[in-house]
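For reference, the structure discussed in these notes is given below.
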């Protein structure tokens, strides 16, 4: 099958539909014969996994919303009722809760791949920025969903995080009052979060459409970072990419199923099985694991306002990677110095995640400040300078050359 063939409907019904609404040809060109670099590895399957997980989260979320009661007096018990009284409610709830964690596993893997292989560079800047916007929307949606069970950790996480807005000069307090719907976290807050948590996944779906559109406009990056120059550099999306994506989605779902059926509460917090009590503060307030690196950055800064700025900057700066990275070479495979600094950066993020789960005291705070400093030094100083001084390895002339390397001469027979 040629990667550039044109859809030709065979039946009279499809011919009639094609003249009026060419949706079949759109699907054919976008997901069947769409030219895909022939050297893509399994790191490129996380885009498909994220699309699948978004659909799963929307479906399970809609069903859960049918049984959930967004009121401070009934929310906790309604979640328990879903677990005990709704047919397969426990399965839906555990799929949704653990699905959120696995959603973030996939998005972090997607970001790691993008940074390692330089997928944010020209001409994919808009594609990357849309990805960062999706990440921000996921962060907000996930946080609001964490509040809905109305357990101890839900209530106090909502109190701590919404209070951060009060650090903004002049407008901070009105924003907090609007979020709360009063003078403290209460029923209006829960209703706001429930409404937005239900709405935002559809906003995410809309941005995903833009993200895929932008991807199809500029084409996919690949492990070498060399653009496809001829038809021999690409293969049709189906069956080559679809089979690979389907296989890895299946593997990913096996891990998700293991968590759902065997350790469904492992990634949660036990305090969230205690009803929210505004008069009793938990010993140690922590968000979900996927927010811990940013939570550590927030707590590492002594000033509340500067901490909030650092928290936002740690995510927003990712959108500026196309301009912060001054190197002309995309892939870290050909940038040995960048690869070393980038691996340290990934380890720093993991370290911040661990420190975010620890009490903000003693050596934990000092370590968090050191790792936070490296986080921003890498993005703002090391990354721009590497592009100016780094000596890169020679790039292959084409994708085909990198895949079809010349055979090595065999040893002479004695």
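The values are calculated or read from the model by the stated rules, or taken from the named source; none is laboratory data. All figures in this text were calculated on a predicted structure; none of them were measured in a lab. Using ideal geometry, Cβ is built from the backbone for each residue, glycine included, and neighbour counts are taken over all protein chains shown.
For the stretch 64-81, how many residues are buried (at least 17 other Cβ atoms within 10 Å of the Cβ) and assigned to a helix (DSSP H, G or I)?
5
Please go through the stretch 239-250 and give me each residue that is surrounded by 12 or more Cβ atoms within 10 Å (Cβ to Cβ) and either assigned by TED's automatic domain parsing to the domain that holds residue 333 or under 25 Å from the mean Cα position of the chain (by Cα) (or both), ordered by number.
Result: 240, 241, 242, 244, 245, 246, 247, 248, 249.
Of 337, 312, which residue is closer than 17 Å to residue 376 by Cα and either outside the structural domain of residue 186 (by TED's automatic domain parsing) or not in a loop (DSSP other than H, G, I, E, B) (or both)?
312
Residue check, residue 347 against (1) more than 19 Å from the chain's Cα centre (by Cα); (2) without any contact (Cβ under 8 Å) to a residue 12 or more places away in the chain; (3) under 23 Å from residue 374 (Cβ atoms); (4) surrounded by fewer than 18 Cβ atoms within 10 Å (Cβ to Cβ), all met but one. Which one?
Every listed condition holds for residue 347 apart from (1).
In the stretch 376-388, is there at least one residue being touching a residue at least 60 places away in the same chain (Cβ under 8 Å), closer than 22 Å to residue 125 by Cβ, out of contact with any helix residue (DSSP H, G or I) (no Cβ under 8 Å at 6 or more places or on another chain) and not in a loop (DSSP other than H, G, I, E, B)? Write out each step before concluding.
Residues of the stretch 376-388 that are touching a residue at least 60 places away in the same chain (Cβ under 8 Å), as a first pass: 376, 379-380, 383-384, 386-388.
Checking which are closer than 22 Å to residue 125 by Cβ leaves us with 376, 379-380, 383-384, 386-388.
Pick out the ones that are also out of contact with any helix residue (DSSP H, G or I) (no Cβ under 8 Å at 6 or more places or on another chain) and you get 387-388.
When the remaining residues are screened for being not in a loop (DSSP other than H, G, I, E, B), the result is 387-388.
The answer is yes; a qualifying residue exists.
For every residue, the table says whether it meets (1) touching a strand residue (DSSP E or B) at 6+ places or on another chain (Cβ under 6 Å); (2) surrounded by fewer than 21 Cβ atoms within 10 Å (Cβ to Cβ); (3) over 18 Å from residue 245 (Cβ atoms).
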| site | (1), (2), (3) |
| --- | --- |
| 88 | no, yes, yes |
| 98 | no, no, yes |
| 102 | no, no, no |
| 117 | no, no, no |
| 122 | no, yes, yes |
| 132 | no, yes, yes |
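What number goes with the only condition from (1) in contact with a helix residue (DSSP H, G or I) (Cβ under 8 Å, 6 or more places away or on another chain); (2) at pLDDT below 95; (3) part of a loop (DSSP other than H, G, I, E, B) that residue 271 does not pass?
The one condition residue 271 does not meet is (3).
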